[in-house]
Each structure stands twice: as C-alpha cells, then as structure tokens.
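Worksheet: one structure, shown below.
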Amino acid sequence: MSSLWAHSPAPGTSRWHLLADHLRSTAELARRFTVAFGGGEVGYWLGALHDVGKASCAWQDKLAAVASSGRPVGTDHKSFGTRIAHERGLGPFAGAIFGHHGGLIDGPDLQGAFHRKLAEAPGNVLSAERELPGLLPDLPERFDPLVPVDWREDRLVGEMALRLCYSALVDADSLDTAAHFQGLASPRVRPDADLGYLYKLFERRRGEELAGRGGTAVGSLRERVYVDCLAAAERDRGVFRLGAPTGAGKTLASGGFALRHAEKHGLRRVIVAVPFLTITEQNAAVYRRLLDEEGAEPAVLEHHSQADFDDPAVGRWARLAAENWDAPFVVTTFVRLFESLYARKPSTMRRVHRLANSVIVLDEVQALPHAMLAPILDGIRLLVRHFGATVLLSSATQPSFWALDEFKDVPCTDLVHDTPTLVSDLRRVRYEWQLDPRPTLADIADQAVAEPSALVVVNTTANAKAVFERWRDAEPDGVAWHLSTRMCPAHRRRVLEEVRARLGRGERVLLVATQLIEAGVDVDFPVVFRAIAPADSLLQAAGRANREGTIAEGGRVVVFAPEDGGQPPAYKTLVGCTERQFGPDKADPDDVAALGRYYRNVYSELNLADGQHVGQRIQRARQRWEFQTVAEGPMDASTKPRDRKLAFRIIDDDGIGVVTPQGAETPDLRRELEQLIVELRQAPVADLAKLRRLQAYTTSLHPSVLKGPGVTALLRPIFGNEVRRGALVEWLGEYDDATGINLDPNMEQFVI
C-alpha cells in the first residue's frame, strides 16, 4: 500500500491526512502534555500507537469508500495498538488506547475486550502488522523501563497516572485531528503563559483598586491576610490551607498566592474551583478585571454550565479553551473539576492532564460533598505528592479533613499565622439564638420588617416563598426580594444585582433566600436571620452581616429554629451535630476549636470510613482500576444495569431540568427562548449552541414534585415524550416575577 491515511480530506479540500504524520504529531503532543509529571515517554508511545490499527487494508479501503460521504469508517482500529502496548510492557496503561474514542473501561476487562475485537477480523491484524515497521521503525521491544516505578508499585498512583495519560492522549488526538480538518499547519496549542508577568499585573492592578478605597480597620486586616499568603507562596509545593474568616479578602489573597507560587515553582496554570455558580461568576469577574488586557488573548477562562461560549463578546477562544482548559487562569466549579477527574469519556477528560503541575485553589472547600470525600481527598493527595500540583484549601469554616484516613498523613501549611486571633480581630457580628421557644416563619418575617434592612436565610424553597409572601403586599415596591432555585439563574442574577445596588445606595432591602446566598456571595446586611442548619452554613450566613465592618457594635446574626420550617433530609444528622457544639451557653459558630469538633462528629456520624460507604466503595473500584464502575456505578450481577447511586457524583444529576422562558427579562427575549425550544423539539439532532442559550433559563426541580397533582401536565418534554428524572422539560405553568416557578409549597421541600 503506497500511502496510509488517518483521515479523509476536510470538506472543500483535497488534502488527506497521512497516518504516519498523525501518529507522530499526536505522540509529540502527548509527550508534551505528560513530560511534566514524569510520563513523557509513556505518553509518546500511547500517542504513537493509538491509531496503528488504521494501517489495515480493510480500514484503508473503507475510509476510501466513505470519504466523500463523511460517514464513519466503522471498522475497529483501537485494538491492534492496544495489544502491542499491552504485550510490550505498558500493561493496563494500554487501556488509554482502547478507550480513546469510547472511554476507559474497567481494567480487569481490558485484555478480554481487545482480544475479542482482534479475533473478529484476524486478517486486519496481519495487514496492519505488515505496515507497522514502516510506520514506527523505532518502536521499542519493551516499554517496561519507561513506566515510572511509583506508577507500578502503588495501584492508586497508577490509576491516577492512567487518568492523566488518557487525558493527554485524547487531547493530543483531538487537537491534531482538528488541525487537519481546519487546514492548519500544526495543532492549535497555546504557548505557556508567563505567570510571572500575570502576577506582577495582578499586584499592580490590585494596588490601584485598593488605593482608591481609603484605609479601614477591615482593610488593614485583609492586607495582613494578603501579605501572609504571599509569604507562604515561597514555600515548597504541597497542600496549603487558608482559614481566614468571611470578609477577609480570600478571593484576592488566594489569587495572589496562586500566581506567586506558580511563578516561583514554574507551574503551568492556576485553576480556581468553587461550589456554586454565583461564586464562579463573581470570582471570574474579579480575576478578569485584574488579569485580562484589552487587545491580548484573555488570561481568565470561566467554565461552568452557565458560561455562554456562543456570545460574540466571549469569543471562539473561550469555547475552544473550555474543551481542554488551555488557559493560564481557569475559574470553574467543583462539579467540572472532580467529575472530570473521575470520568471515563474522552470529551470530559480532555482537560484532566492540565491539573498536573498546576496550582489548584478549592474555594469554599467546606461545600465538598461528604459522601465523596474519600476519593476527592485521595485524588488531592496523589496530585500533590506524585503529579506536581499544589492545592490550596480555602474556607472560613475549614473542615477537619485530617481526621479522615485519606488525608491523615498529608502535610499542610497554614497561610495565616494565627487564625484564632484573626477570627477575633475580624469578628463583625454578635449571635443571638431563638431555639426555645421556637418562632414561626411569620414571626421571623415580622422581626425582619422591624429592621432597616435584613436578610433571612431558610432551608427550603417553600419556606423562602412563605416568608416572601408575608412581605409581598406589606412592603413598597423594590424593598422585598426573594432568591431560590425555583427561579432560573438569569432571574437570580438580576435579583442579586438589584439587591447589591440598593444596599450600595443605602436603601432599604428585605431579602429571603435559601442557602444559595451563602458561601462567597458578596452582600452586606446589618442583620441576618438564619434558620438552624449545619454549622458551616450558620457561619457562612453570618458572613453576609456587617461584611465591611461599618457597624461599630457589630451586625446581628439571629439563629432560629422555625416551628413550621422544613429542611432537606440530609440536614438531619448535620443539624444534630451542630446543636451538640453550638447554641446558648455553648460555642458560637466562629469558634475554631468547636468547628473542629463538629466536623469530626459529622464524619463519625456519617460513617465515612465504613467499608460499605459509597466513598469507600469508589476507592476500592479505583484500586482495581475499574474506571467505568467509578464513573457509572457497579453493575448489578442479575439485572445488568449499573447502579448510578454508587458512582462518583458531586451533585445528584437526576433532578428534572426545567426551562422557564418566563424568566426572561423582556418579552422579546421570552419569544426568542420559546422559539429555540420549538426548534430543539423539531431537530433530529440537538443543537448544542441552542441548548447553551437556554442554560441561563433552566433550573432544576427535585423529582418529588411529580407526586403533586397536576404538576406533570405542566412539564412538557423537550426531547422525547416522557417526564422523568434527568429529563429536560419546558415549564408551562405560572412563573411568578418575584418567586419563579409556582408550585404548591408542600410539594417540594428540598434545596436543589
């Protein structure tokens, strides 16, 4: 065969893609992505072998037959390279080749899977073998010496190494293939950024912003935190902890630490991950203001489910960078970060190799789900100890992770020298307790009315609506506001903007919200009423009171146990642990020692170390290199489907996605969204750009709402014809301008 091809020409061109060129280019890119964590040669040969099965006569003939139609070849090409890599010493690392299109499979199934595929067409193997010496004349007889020793000796290290190598392979393959079809001379890879320059730019612009604010006591304490963080950035790579109170300027301090630390140690990028979209957008705006320059390629990539990559103002760059985090400063969510790390599909895992040799800032780290702490903490440990990362754990309510086996031997450096003193110096509130007798929600709503401005935080959407209805007709327009997940994200964003503006002008505001207002949302009220909740939520709510320290006697935080209030089922154990440590004649929620006792009590009560706990079961699957089991759950021996409840998940993705065009700001926008829904229903294949356009108007409802009479009739499927868990539907019912989706308050008692 005179020429072997990897890909047919791009539409409108006659340039075919030589297989030898594709193998070498993919290999070089994969080496570039893996060399930083000691896997350069492993990455190279995974790339070089990933498509050698395309050398078979059958594959080449089929490519020629379908080239003009653009249809897939449909002939297996992954198994031949998998066999070579496996037999010559890469062993289970050959799973990266086998899964480079369909995804990683469970390691114990690998050998049987590729042997079965090869046995289906032995002639293909023979013809590909004849071409192999010409394609890869330098192919080693053995790969064993290329695999780092610790990857072989520790199964969890090896499992993480395969995840990173797989990510590098699929990213390299995608980039080289895209370059061919786009007519580029070489793959599009951004040169490594000068993080030293970005750090200096960050410092200069931060100084300019602070110079215009004037000196305050709180400002001086924030500067102290910032200076401590920069000093700690000079330390060696590892795990760091920023336990400064709410309002201590953690966003700027952690950003300054990350950039200086990356410059000091030659790290590749900064990745900031947060739990909630509201914080992602808020933090990304801060970092863009300090790091992006007009006329230059942006430094900051904001990547989450509500990021609009089709907006011309965002540009094509952001859409491409989001696929593999090819940016020097990434702001994302816990869901994107950890569900990518423990995924198995190529499109999700392309970005995972970027975690190596990076500074990873986990902001509001107390919000990491308890059920997943074992694999999350173990992943952090491995990335730091074996793959060159530094991880910063930032929170006003630092969890006691070191009480858990996965973290007990991990060294940690505190960025702030004396946290208890800083907590005392930054204390801007005084706590009051209304636990016995228990007030009603109406009592609390009326107490809030008596204040100049007040925030009420409750545990369910139904409770939030009940408080708001108490205010709705009694207060003038613009005073009473509501925030909950019954409202679509665009609606919530508008409310937050208006609330902040009114507070900034000194105008009266009454706001009731579920817990989405907590953990980093920048609002400042003189009084906060917080329904009894887990201790970290109490302290986070307190951070919305007297945030700037302008009230000399301190803001008020009233913790109450509502007689008629509800709470999510998951709160029961956590609230019990809270009540043991905090309350009248006990500690306040900002007591550092009491918080430590609280977290240890929580971990014990939730049995996180028990072998049957979901986190421990995921860890055992990781030990066995069962990638599909980790990502999708174990297979039921009798019925065969996988149990997704035992898969790795940051959040339960089995809610019902509800699109609410009624949440649009203008009638014209609402009509546009309704038309998009019609077009999506009629299209044979979903248009991803149109789906992204709807994301800002899509909220999630717990499946329990389907039990309510008549609710299903108000939910019209956008795809398919069934309303069920995981479906995307259109809301046909009432959407209140203030409170969003209008359901009977008793139907849904969950914070989503």
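Worth pointing out:
- Residue check for Val495: among the hydrophobic types (A, V, I, L, M, F, W, C), assigned to a helix (DSSP H, G or I) and without any contact (Cβ under 8 Å) to a residue 24 or more places away in the chain: yes
- Within segment 443-481, the set of residues being among the small types (Gly, Ala, Ser), buried (at least 19 other Cβ atoms within 10 Å of the Cβ) and assigned to a loop (DSSP other than H, G, I, E, B) comprises Ser453 only.
- Unique residue being closer than 26 Å to Leu355 by Cα, buried (at least 24 other Cβ atoms within 10 Å of the Cβ), touching a strand residue (DSSP E or B) at 6+ places or on another chain (Cβ under 8 Å) and at pLDDT 95 or above when the list is Leu23, Leu49, Leu29: Leu23
- Within segment 1-84, helices (runs of 4 or more DSSP H) holding 1 or more residues that are touching a residue at least 12 places away in the same chain (Cβ under 8 Å), among the hydroxyl-bearing types (Ser, Thr, Tyr) and assigned by TED's automatic domain parsing to the domain that holds Ala128: 19-34, 40-49
- Residue match in segment 553-561 (condition: in contact with a strand residue (DSSP E or B) (Cβ under 7 Å, 6 or more places away or on another chain), β-branched (Val, Ile, Thr) and surrounded by fewer than 24 Cβ atoms within 10 Å (Cβ to Cβ)): yes
- Pick from segment 210-236, criterion part of a helix (DSSP H, G or I) and in contact (Cβ under 8 Å) with a residue 40 or more places away in the chain, ranking: farthest from Lys250 (Cα to Cα): Ala217
- Where helices (runs of 4 or more DSSP H) fall wholly inside segment 99-176, the ranges with 3 or more residues that are surrounded by fewer than 14 Cβ atoms within 10 Å (Cβ to Cβ) and either in contact (Cβ under 8 Å) with a residue 40 or more places away in the chain or more than 32 Å from the chain's Cα centre (by Cα) (or both) are 110-120, 122-135.
- Scanning segment 646-671 for residues that are closer than 20 Å to Val729 by Cβ and in a loop (DSSP other than H, G, I, E, B) yields Ile651, Asp652, Asp653, Asp654, Gly655, Thr660, Ala664.
- Against the numbered list (1) assigned to a helix (DSSP H, G or I); (2) under 23 Å from Glu626 (Cβ atoms), Arg88 comes up short only at (2).
- Residues of segment 645-654 that are touching a helix residue (DSSP H, G or I) at 6+ places or on another chain (Cβ under 8 Å), surrounded by fewer than 20 Cβ atoms within 10 Å (Cβ to Cβ) and not hydrophobic (A, V, I, L, M, F, W, C): Lys645, Asp654.
- Evaluating Pro298 against the criteria (1) modelled with pLDDT of 95 or more; (2) under 18 Å from Arg204 (Cα atoms) leaves one unmet condition, (1).
- Extreme residue, farthest from Ala367 (Cα to Cα), among residues of segment 558-594 that are touching a helix residue (DSSP H, G or I) at 6+ places or on another chain (Cβ under 8 Å) and of a type in the set (Phe, Trp, Tyr): Phe560
- Single residue of Phe240, Phe181 found to be in contact with a Cys (Cβ under 9 Å, 6 or more places away or on another chain) and aromatic (Phe, Trp, Tyr): Phe240
The values are calculated or read from the model by the stated rules, or taken from the named source; none is laboratory data. Computed from a prediction, not measured in an experiment: that's the story for all the values here. Please note: Cβ atoms are built from the backbone with ideal geometry, for glycine as well, and neighbour counts cover all protein chains shown.
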